[in-house]
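The values are calculated or read from the model by the stated rules, or taken from the named source; none is laboratory data. Keep in mind that what you see is a predicted model, and the values were worked out from it rather than measured. Virtual Cβ from ideal backbone geometry, glycine too; neighbours counted across all protein chains shown. For the accessible areas, the whole protein counts, side chains as well, though only heavy atoms, and no ligand, DNA or RNA atoms are used. Shrake-Rupley method; radii C 1.70, N 1.55, O 1.52, S 1.80 Å.
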Amino acid sequence: MTFDQIIGDIKRKIYHPVYLLHGEEPYFIDAITGLIEESVLKDAEKEFNQSVVYGRETDPGAIIDMARRFPMMANYQVVIVREAQDIEKIENLQPYIEKPQPSTILVIAHKYRKIDQRKSFAKSVDKAGVLFESSRIYENKVPAWINEQIAARGHSIKPDACQLLADHLGNDLGRISNELEKLLINVPSGNAIDSEIIERNIGISKD
């Protein structure tokens, strides 16, 4: 599944029992994880039904124990494993992956490097739920990505201004997204963003 398909499904409340999000680009992994964390459960349900753990502080056995619990006064239990690249023997999750708890949404956020998709662990995830590789985008694709992000927020940007942002920010999508948030706060809706607006609001100059 693509990033847009995954995000679209979550917004339509179409959930999968397992999400393994892996790869070199943390932005897409964080975006999917964050949307699940914020939107699946109501605030009142999160105390008993949402767990967030870190790979360095847990292990496959503990994750499986959490994932096998039943939700309390909610339709789902959400278990989020951040920094899953730090888990030793992550493949030991496979017995659970092959028979996941239907009422649990397990999110495994494995950032900065890829899982070997040829191995049975990855294939089990792909069969049971969502296996998503988060790849860095090439620098020549960054202006188009910036333009899409700005358009999605109801604004427009002039081509030279878009290229100015791309030239100065590179392909770090997290950094670009943060700068766009700061920029758009100060730009009235309907105004096309130009180089002067960028220089005035986030300090990037074409000179």
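Residues in segment 117-131 that are open to solvent by 30 Å² or more (accessible area, probe 1.4 Å) and assigned to a loop (DSSP other than H, G, I, E, B): Gln117, Arg118, Lys119. Going by what's in this entry, would Gln5 be described as without any contact (Cβ under 8 Å) to a residue 40 or more places away in the chain, among the polar types (S, T, N, Q) and in contact with a Pro (Cβ under 6 Å, 6 or more places away or on another chain)? So Gln5 fails the test. Scanning segment 48-65 for residues that are under 22 Å from the mean Cα position of the chain (by Cα) and free of Cβ contacts under 8 Å to residues at least 24 places away in the same chain gives a single hit, Glu57.
Inspect all residues belonging to segment 180-203 and state whether any of them is of a type in the set (Gly, Ala, Ser) and at pLDDT 90 or above. Checking segment 180-203: not a single residue is of a type in the set (Gly, Ala, Ser) and at pLDDT 90 or above. Residue pairs whose Cβ atoms lie under 6 Å apart, separated by 6 or more positions or on different chains, with the first residue in segment 83-110 and within 17 Å of Ile10 (Cβ to Cβ) and the second basic (Lys, Arg), are Ala109/Arg82.
Identification of strands (runs of 3 or more DSSP E) wholly contained in segment 1-116 with 2 or more residues that are modelled with pLDDT of 95 or more and surrounded by fewer than 20 Cβ atoms within 10 Å (Cβ to Cβ) yields 50-54.
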